[in-house]
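These notes concern the structure reproduced below.
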Amino acid sequence: QKEVEQNSGPLSVPEGAIASLNCTYSDRGSQSFFWYRQYSGKSPELIMFIYSNGDKEDGRFTAQLNKASQYVSLLIRDSQPSDSATYLCAVKNSGGYQKVTFGIGTKLQVIP
Amino acid sequence: SQTIHQWPATLVQPVGSPLSLECTVEGTSNPNLYWYRQAAGRGLQLLFYSVGIGQISSEVPQNLSASRPQDRQFILSSKKLLLSDSGFYLCAWSVGIDSPLHFGNGTRLTVT
């Protein structure tokens, strides 16, 4: 079982729609969860982080965490063509060693 | 504010040649430092991480090694490169227990 799992996509949504990106993780003791956006040929940039169960909103982005189900998601409202990128889910593992594991990433295509 | 410098941006090396990639962080003390590799079309693979000077955790031993000679300096090395070492090498830093990673601009390595 992979430590952090994501569907590689591509996920295609029309402009203005809600894009829903999902991620599951295997380390039940994980406490910190991150979403990154990566444009082709560029390094990942942080979008959001979440530590507690529930929803966290920042502008058009909402991160959702369910530790019981070991599930993290990212919602992008009013999707724009500029949101087209690969979205990486990252999990900081338990044990205090600061190891951070990434999923393979989901490629999002926003169709104008 | 904190900044991370990673160089070179691109590198073409023949098989069997040595490698040295350097990463430095400014504006913070005692950061956690990371090296990731991203092969073409693949996810981020954690290679090494360090929580302090001289403290290196290896995830992918292979023919790579890492060193942290100073608090804010992280070096990735190889004595003899393989074709499979080609990829996008990313250095990242974080501070504290739960904080997110921040990436440098990366080095694109092509082994010929």
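The values are calculated or read from the model by the stated rules, or taken from the named source; none is laboratory data. All values reported here derive from a predicted model rather than from experimental measurement. Every residue, glycine among them, receives a Cβ derived from its backbone with ideal geometry; neighbour counts consider all protein chains shown. The accessibility values were calculated without ligands, DNA or RNA, using every heavy atom of the protein model including side chains. Shrake-Rupley method; radii C 1.70, N 1.55, O 1.52, S 1.80 Å.
What does the charge add up to near residue B:70, with Lys and Arg as +1, Asp and Glu as -1, over the other residues with Cβ less than 13 Å from its Cβ? The partial results should precede the final answer.
Working: positive: B:68, B:72; negative: B:22, B:26, B:71.
That works out to -1.
Largest accessible area first, the listed residues A:55, B:85, B:98 line up as A:55, B:98, B:85 when surface is computed with a 1.4 Å probe on the assembled protein chains. Peptide A:98-106 shows a mean partner chain C-beta count of 6 within 10 Å per residue C-beta. Compactness ratio for the range A:1-73: Cα radius of gyration over 2.2 N^0.38 Å (N = residue count) comes to 1.15. In whole angstrom, the range A:49-100 maps to an equivalent ellipsoid with semi-axes of 24, 14, 9, each derived as √(5λ) from the alpha carbon gyration tensor and ordered largest first.
The residues of the protein assembly as shown expose, per residue, 47 Å² of accessible area to a 1.4 Å probe. Counts of other chain beta carbons within 10 angstrom of each beta carbon in peptide A:41-47 average 5. Partners of residue A:2 within straight-line reach, counting lysines whose Cα lies under 27 Å from its Cα and excluding those fewer than 8 residues away in the same chain: A:42, A:56, A:67, A:92, A:99, A:107. Size descriptors for chain B (Cα atoms only): Rg and Dmax, in that order, 13.3, 40 Å. Calculated on the alpha-carbon coordinates, the convex hull of the protein assembly as shown measures out at 123 cubic angstrom per residue. Per residue, the convex hull around the alpha carbon atoms of the range A:20-112 comes to 92 Å³.
From largest to smallest, the equivalent ellipsoid semi-axes obtained for the range B:53-96 from the alpha-carbon gyration tensor read 21, 12, 10 Å. Note on residue B:80: aspartates and glutamates with a C-alpha under 18 Å away, same-chain residues under 8 apart excluded, are B:22. Heavy-atom accessible area for residue A:39, with the other protein chains in place and a 1.4 Å probe, reaches approximately 80 Å². The A-B contact accounts for roughly 1700 square angstrom of buried accessible surface, both chains included, probe 1.4 angstrom.
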